[in-house]
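A.B. asks: Dumping the structure here so I can ask a few things about it.
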Protein chains: 2
Amino acid sequence: MEFEKYYEDRKKLINSFLEKRIAAKGISKVDEAMRYSLLAGGKRIRPLLLMATAEAIGKNGYNYLPVACGLEMIHTYSLIHDDLPLMDDDDYRRGRLTNHKVFGDAMALLAGDALLTLAFEVMLEQKNVSPDVLIETVREVAMCAGNFGMVGGQVLDMEAEGREISLAELNTLHSAKTGALFVAAVRSGARLAGADAKQLLALTRYAELTGLAFQIIDDILDVEGNPEEMGKAAGSDAKRHKSTYVTAYTLVGAKAFADKTINEALACLQPFGDKAEPLKEITGMICSRHN
Amino acid sequence: MEFEKYYEDRKKLINSFLEKRIAAKGISKVDEAMRYSLLAGGKRIRPLLLMATAEAIGKNGYNYLPVACGLEMIHTYSLIHDDLPLMDDDDYRRGRLTNHKVFGDAMALLAGDALLTLAFEVMLEQKNVSPDVLIETVREVAMCAGNFGMVGGQVLDMEAEGREISLAELNTLHSAKTGALFVAAVRSGARLAGADAKQLLALTRYAELTGLAFQIIDDILDVEGNPEEMGKAAGSDAKRHKSTYVTAYTLVGAKAFADKTINEALACLQPFGDKAEPLKEITGMICSRHN
């Protein structure tokens, strides 16, 4: 109950920052397409993670909205491009028509490009931190989002389609595709809040494991999820003959692996005591998608 | 002759920086696709502009290769996305098959995404400048490349296709689509080199006019250019019923407008004296595409 309020408060702040930071009317129609996907009511897990991590270090997460919301823009651009016909060709996302179904393929492509670009503009507006730390933080976000992180993982995912891949490959794929941006969120929050090296290490491990758990549960939901709750059709992985944690471990095994991963993630937070409560709750929230 | 050596020297530095900065082998095949387009031997006008502008302020352009090459990555990503079937559907670029013709549409999309992301990572590696100035510089690059700049202009261009647009609209379109990145290059060079407000203003105007001249000449070349020299087919604008500076001014009129614009651009450089010689030569080089 307490966390619900914590979550709602922060989500409101995140949404209002995003709302303000994308012009209702720019020089072209691309702003409308950007807003459509950015303000579609996602869970805001990445900005939330950033803010909660800063709080685990003893700083106020509210101070870091620009970098936090930049991460959400990066996440959103990746979804828009992912849904394009030349990629996954999905018609629904978060319970609404995908960007290209509403605005056309070319506009969706450009809305994604513009969101990625705006993410960096917005992150570099961050105050309340020394310029050196901000540069290092945003540079690392780029690293996590690019060819050695999210985009690289996306390509591995693409290349894995239609063939069986080893568990090692599956792990590499997801630690890049999903994990890297979780890591970016948590490490950004830690850096901005002035974490020391030991704290940064523990939080990085927490983020890696949380990202992994998130992906395992995503694979589980694709098999047994409720399309209405998920806002997209179930069974799409099987339809594409994709290797997933469910195909690797079976459904029961994947659930056990998810639980084990979540417990390991939570253990990383022990040194932070009560201040890491929100982070623990966020992990729990990701876990509760199980139901 | 002297400028030829100047140009070749800098192009070598730019190319070798780009070559080094994109891994020959990353975690996925996307690096290969990124390298294919980035190392395809472009003119490197944007990084060159940045370096020459720094020199006009009295600094060594070599010191600013990270930001300079980031701009080239942004330019290259925009070409890759532009060539996609869902956009212009071009088969050739710089005399070679376009990225998606070699690597497929999905890979080309992601190579573009990764290049845009890497651009910010690389720009934020810039040393030889105070962190404050770097943040402001890179933030402005993002602004020029996004929904209020290059991408916004791209959308305006798309929306203008197949209908006649006014000269005012054409100017807005091109000052965003092409001009903004020229402005970003010149203003970045000026900022990094420590230009004062008056210098920044003159150089900004120079960049706007040079971007405009560049676009006018592009439109002229599309009508009368040699496909082999251009590395792409001529007449593509007409085929698409696009409004261009040629349709607005006629071919003769467009050439006169280009010359007038170039002269105005060069006039902005007067206060910088001999130190702006390279910038003048670069403008001349753009102009010489005329032949």
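No value in this document is a laboratory result; all are computed from the given coordinates. Note that the structure is predicted; figures quoted are calculated from it, not measured. We place every Cβ from the backbone using ideal geometry, glycine too, and count neighbours over all the protein chains shown.
A.B. asks: Closest approach to the B-A rotation axis by any Cβ of B: residue and distance in angstrom?
C.D. replies: Residue with the nearest Cβ, plus whole-Å distance, for chain B: B:P131, 2.
A.B. asks: Also: Nearest 500 deg cm²/dmol is fine: what mean residue ellipticity at 222 nm does the protein assembly as shown get from its DSSP H runs of n ≥ 4 alone, each adding -39,500 (n - 2.57), divided by its residue count?
C.D. replies: Theoretical 222 nm ellipticity from helices: -22000 deg cm²/dmol.
A.B. asks: What list of ³J(HN,Hα) couplings, whole Hz, do you get for region A:100-109 from phi and the Karplus terms 6.51, -1.76, 1.60, once you set θ to phi - 60° and write x for glycine and proline?
C.D. replies: Listing the rounded values in order: 5, 5, 8, 10, x, 5, 5, 5, 5, 4 Hz.
A.B. asks: Now, a different point. On average, how many beta carbons from a partner chain sit within 10 Å of the beta carbon of a residue in A:130-138?
C.D. replies: Mean inter-chain Cβ contacts per residue within 10 Å come to 4.
A.B. asks: Relative contact order for region A:2-288 using alpha-carbon pairs under 8 Å, separation at least 6, rounded to a whole percent?
C.D. replies: About 20 percent, as a whole number.
A.B. asks: In nm, what does the list of distances from A:E136 to its counterparts in the other copies look like, shortest first, when each label sits 7 Å along Cα to Cβ?
C.D. replies: 2.4
A.B. asks: Still on this structure: Spelling out what I want: for every residue of region A:242-250, take phi, set θ = phi - 60°, compute 6.51 cos²θ - 1.76 cosθ + 1.60 (Karplus), and round to whole Hz; glycine and proline get x.
C.D. replies: Whole-Hz 3J(HN,Hα) from phi for region A:242-250: 8, 6, 9, 5, 6, 5, 6, 10, 6.
A.B. asks: Follow-up. Is region A:2-288 rounded, prolate or oblate when judged by the Cα gyration tensor, a ≥ b ≥ c being the square roots of its eigenvalues, rounded requiring a/c under 1.5 and prolate requiring a/b larger than b/c?
C.D. replies: oblate
A.B. asks: Next question, about the same structure. Highest first, please rank the peptides B:193-204, A:168-179 by the mean number of other Cβ atoms sitting within 10 Å of their residues.
C.D. replies: So the order, starting with the most tightly packed, is A:168-179, B:193-204.
A.B. asks: Springs between alpha-carbon atoms under 10 Å, Gaussian network over chain B: tell me which of B:M73, B:M87, B:M107 tops the mean-square fluctuations.
C.D. replies: Looking only at B:M73, B:M87, B:M107, the largest GNM fluctuation is found for B:M87.
A.B. asks: Need one value for B:148-160: mean number of C-beta atoms belonging to other chains within 10 Å of its residues' C-beta atoms.
C.D. replies: Mean shielding count: 6.
A.B. asks: Quick query: amide H of B:R93 versus all other amide H atoms, modeled in the peptide plane; which residues come in under 5 Å with a sequence gap of 5 or more or a different chain?
C.D. replies: B:T98
A.B. asks: In whole Hz, what ³J(HN,Hα) sequence does region B:206-217 give by Karplus (6.51, -1.76, 1.60; θ = phi - 60°), x for Gly and Pro?
C.D. replies: Rounded to whole hertz, the list is 3, 5, 4, 5, 5, x, 5, 4, 4, 6, 4, 5.
A.B. asks: Contact order normalised by length for region B:1-145, with contacts defined as Cα pairs under 8 Å and 6 or more residues apart; what percent is it?
C.D. replies: Taking the mean separation of contacting Cα pairs over the length of region B:1-145, I get 24 percent.
A.B. asks: What does the average come to when, for each residue of peptide B:29-35, you count the partner chain Cβ atoms lying within 10 Å of its Cβ?
C.D. replies: Mean partner shielding for this stretch: 4.
A.B. asks: Right, something else. Sort region A:83-162 into rounded, prolate or oblate with this rule: let a ≥ b ≥ c be the square roots of the eigenvalues of the Cα gyration tensor; rounded if a/c is under 1.5, and if a/c is not under 1.5, prolate when a/b is larger than b/c, oblate otherwise.
C.D. replies: oblate
A.B. asks: With just the Cα atoms of the protein assembly as shown, tell me how far they stretch along each of the three principal axes, in Å, largest first.
C.D. replies: 73, 46, 42
A.B. asks: Assuming R0 = 41 Å, what is the FRET efficiency of A:S236 and B:N263, from their Cβ-Cβ distance, to the nearest 0.05?
C.D. replies: After rounding, the FRET efficiency stands at 0.10.
A.B. asks: Determine which aspartates and glutamates satisfy two conditions relative to B:K275: a Cα distance under 12 Å, and not lying fewer than 8 residues away in the same chain.
C.D. replies: Filter leaves B:E55.
A.B. asks: Could you name the lysines in cross-link range of B:K239, using Cα to Cα under 29 Å and dropping any fewer than eight places away on the same chain?
C.D. replies: Of all the lysines, those that pass the test against B:K239 - Cα under 29 Å, at least 8 places apart if same chain - are A:K29, A:K101, B:K43, B:K101, B:K177, B:K255, B:K260.
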